[in-house]
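Engineer: Take this structure, written in structure tokens, and hold onto it; I'll ask about it next.
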Amino acid sequence: MCNRYGYQSPLNRLVDEFSQARIPLKFPSGLPNLEPREHIRPTNSAPVVRPLDRDDPTAGAEVVELRWWLIPFFHKRGIKDWKPMCTNARAETLATTPAFREAFRRRRCLVPANHFFEWTENPASPKGPKLMWKFTKAGEEIFCFPGLWDRAETADGLVESFTIVTCAPGPDCAPFHNRQPVILEKDHWADWLDLTRDPTDLLKAGAAGAIRAERAEA
């Protein structure tokens, strides 16, 4: 489960990270305005990285701002008429869920992040506000969630949106929640964007790596 995360690094840091991952970032529409965002919530716009040419993995990728809460291509009514909570997509059912299966096959992306949040009950006050926890990846300022994006011609106009892939929690996240966003190792970023390969094996190790949690203020 991931319903809030943050991204605050400047564009040049993102370019450096993707260069290390053998993914050249290109900007055919101009440089995006990546203002720092401590809290990105569902329906907010946020940066994602997607292939420039889905048939040519060597063509590089672009950084675009999309709406977080996927609306699938087949939805034709208004934006608010799409009720399913598609901020997250379960790794186990990407290939079979109607809202995600076409995007899983043809429209994969990476979602850069510096941290994400989860909440737990407060043992000292079970009926009071929940405790908020901020998770970061040990030793890495920027990491990436695997994501899916889609384009829908809705009654309100064209909408491009994305979802974040989740999995069963690793040992660092299990005490806090029964799901976590998949976090891909940098060596696998290019593999996820390569639409010529089956990425299912990448998601099985998605909870690997050291994740640090600290108390945060809402």
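Engineer: State yes or no: is Lys134 part of a loop (DSSP other than H, G, I, E, B) and of a type in the set (Lys, Arg)?
Structural biologist: Spelling it out, it is not the case that Lys134 is part of a loop (DSSP other than H, G, I, E, B) and of a type in the set (Lys, Arg).
Engineer: For region 18-42, what are the residues that are among the aliphatic types (A, V, I, L, M) and farther than 21 Å from Glu160 by Cα?
Structural biologist: Ala21, Ile23
Engineer: Looking only at region 129-154, filter to residues that are hydrophobic (A, V, I, L, M, F, W, C) and more than 16 Å from the chain's Cα centre (by Cα); which one of those is modelled with the lowest pLDDT?
Structural biologist: Ala138
Engineer: Looking at (1) under 18 Å from Phe162 (Cβ atoms); (2) without any contact (Cβ under 8 Å) to a residue 40 or more places away in the chain; (3) not in a loop (DSSP other than H, G, I, E, B); (4) not small (Gly, Ala, Ser), can you tell me which one Leu66 breaks?
Structural biologist: Just one mismatch for Leu66, condition (2).
Engineer: Assigned to a helix (DSSP H, G or I) and of a type outside the set (A, V, I, L, M, F, W, C): which single residue out of Glu17, Glu35 fits that description?
Structural biologist: After ruling out the rest, the residue left standing is Glu17.
Engineer: Looking at (1) of a type outside the set (A, V, I, L, M, F, W, C); (2) at pLDDT 95 or above; (3) within 22 Å of Phe18 (Cβ to Cβ), which is the one condition that is false for Asp53?
Structural biologist: With respect to (1) of a type outside the set (A, V, I, L, M, F, W, C); (2) at pLDDT 95 or above; (3) within 22 Å of Phe18 (Cβ to Cβ), Asp53 is out only on (2).
Engineer: Of all the residues that make up region 104-121, how many are touching a residue at least 60 places away in the same chain (Cβ under 8 Å) and closer than 21 Å to Val63 by Cβ?
Structural biologist: Going through region 104-121 one residue at a time, the tally reaches 10.
Engineer: Take the conditions among the acidic types (Asp, Glu) and in contact with a Phe, Trp or Tyr (Cβ under 6 Å, 6 or more places away or on another chain) and apply them to Glu118. Does it pass?
Structural biologist: When the stated conditions are applied, Glu118 passes them.
Engineer: May I ask you to say which residue of Phe176, Phe162 is in a loop (DSSP other than H, G, I, E, B) and aromatic (Phe, Trp, Tyr)?
Structural biologist: Answer to the selection: Phe176.
Engineer: Moving on. Looking only at region 90-103, count how many residues are within 19 Å of Asp194 (Cα to Cα), in a helix (DSSP H, G or I) and either of a type in the set (A, V, I, L, M, F, W, C) or without any contact (Cβ under 8 Å) to a residue 24 or more places away in the chain (or both).
Structural biologist: Residues that pass the stated criteria total 3.
Engineer: Only one residue in Arg77, Arg22, Arg67 is surrounded by fewer than 17 Cβ atoms within 10 Å (Cβ to Cβ), within 21 Å of Leu193 (Cβ to Cβ) and out of contact with any Lys or Arg (no Cβ under 8 Å at 6 or more places or on another chain), so which one is that?
Structural biologist: Being surrounded by fewer than 17 Cβ atoms within 10 Å (Cβ to Cβ), within 21 Å of Leu193 (Cβ to Cβ) and out of contact with any Lys or Arg (no Cβ under 8 Å at 6 or more places or on another chain) holds for just one of Arg77, Arg22, Arg67, which is Arg22.
Engineer: Among the residues of region 121-152, which ones are loosely packed, with under 12 Cβ neighbours inside 10 Å, touching a strand residue (DSSP E or B) at 6+ places or on another chain (Cβ under 7 Å) and either within 14 Å of Val48 (Cβ to Cβ) or among the polar types (S, T, N, Q) (or both)?
Structural biologist: Answer for region 121-152, where residues must be loosely packed, with under 12 Cβ neighbours inside 10 Å, touching a strand residue (DSSP E or B) at 6+ places or on another chain (Cβ under 7 Å) and either within 14 Å of Val48 (Cβ to Cβ) or among the polar types (S, T, N, Q) (or both): there is none.
Engineer: Considering region 179-218 alone, what residues qualify as being in a strand (DSSP E or B) and either at pLDDT below 90 or surrounded by 12 or more Cβ atoms within 10 Å (Cβ to Cβ) (or both)?
Structural biologist: Gln180, Pro181, Leu184, Ile211, Arg212, Ala213, Ala216
The values are calculated or read from the model by the stated rules, or taken from the named source; none is laboratory data. Here the structure is a predicted model, which means the values were calculated and not measured. Here the Cβ is made from the backbone with ideal geometry for all residues, glycine too, and neighbour counts use every protein chain on show.
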